[in-house]
Amino acid sequence: MSFDRRITPARADLADERLRQTVEAPRYSTGTLMRVVVPSAPLRPHPSPEVSIDTEALMGERVRVYDEHEGWAWGQLESDGYVGYLSAEALGPEEPAPTHRVAALRSFVFPGPNLKLPPLQHLSLGAAVPVIGREKEWARIGGTAFIFAGHLAPLASHERDFVAVAERFLGTPYLWGGKTSLGLDCSGLIQLSLAAAGMHAPRDTDMQQAALGEPVDLAPDLSGLRRGDLVFWKGHMGVMLDETRLLHANGHHMAVAIEPSREAEERIRLNSYGPIVAVKRLPNSPVS
């Protein structure tokens, strides 16, 4: 039986109990809910550090783990359903549940409420943490872990303009499968930005093209586009800043970059992914 291994928790020897009637496997498991307890955790298609990553799970994300073996956990991310292998050391108990998300592009975690202390680690936009106490302008997120409270927002609060969030990543290096402010890919940029605005998006370009927004007719001269329109090629995507400029994480610049949409379209069509295959417009997209 064929299925999309990216979002189907099934492999030759094991499958999710919920798939018992549709996927044949020697054994099934209901899994165990855990959370990512490191700043970010690469998720891979195979249990080896030598294979490229599919995506990254951020601190606070919940993961249903079906199997652990030799330091690897095989499971499914709750946020977007992606399935793969994470380092077992990156996971911990499901509780305490996060209460806030990192709203700054990135923020340091300190061993005390003092900006002069050497930081323990940094968290990227979208990471989720439990605020268990406050000391003036500092939020305590662990026994001896503090983060500047001004860099956090309640989980229930959302940004108004996902394109403005995406713009904040300008200059961030391109990283295949990446999903943090240190490196991310084209669909990771869009997924993170939409999540900050309270909108769910699947992980990969083809999934986003299928799931997001309504089709927009594309004029030969690319006129009629507007802020927030998602532009898709086969294997690449970006978002329009306005009628004429495209923002995208791309391998040509090896960074998140802004460029005239007509120049980007010509280069990508001739040298990379062929012609534009779709433009999608989200409901309530921000207008220039």
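Only Cα pairs under 8 Å and 6+ residues apart enter the sum, and on that basis the relative contact order of the chain stands at 12 percent. Can you tell me the FRET efficiency between residue 219 and residue 144 if r is taken as the Cβ-Cβ distance and R0 is 51 Å, rounded to the nearest 0.05? That gives a FRET efficiency of 0.30. Each Cα pair under 8 Å and six or more residues apart adds its sequence gap; the mean of these over the residue count of the range 154-230 is a relative contact order of 25 percent. Among residues other than residue 244 whose Cβ falls under 12 Å from its Cβ, what is the net charge (Lys/Arg +1, Asp/Glu -1)? Residues close to residue 244 contribute a combined charge of -3.
What is the gain in length, in nm to one decimal, between residue 136 and residue 89 on full extension, counting 0.36 nm per residue of separation less the C-alpha to C-alpha distance?
Here the segment from residue 136 to residue 89 would lengthen by 13.7 nm.
Here's the list of lysines a cross-link from residue 234 could span, going by alpha-carbon distance under 22 Å and ignoring same-chain residues fewer than 8 apart: 179, 280.
At 0.36 nm per residue, minus the direct Cα-Cα distance, what do residue 27 and residue 271 gain on full extension? Give it in nm, one decimal, please. All intermediate terms of the calculation are to be shown ahead of the outcome.
Values: separation 244, 0.36 × 244 = 87.84 nm, distance 4.62 nm.
Between residue 27 and residue 271, full extension yields an extra 83.2 nm.
So if I take the centroid of the Cα atoms in the range 91-152 and the same for the range 258-286, what is the distance between those two points in Å? Using only Cα atoms to place each centre, the spacing works out to 37 Å. Ignoring lysines fewer than eight residues from residue 136 along the same chain, the ones with Cα atoms less than 22 angstrom from its Cα are 116.
Values in this text are rule-based calculations from the coordinates and carry no lab data. What you are looking at is a predicted structure, and each value in this text was computed from that prediction instead of being measured. Note: ideal-geometry Cβ built from the backbone for every residue, glycine included; neighbour counts use all protein chains shown.
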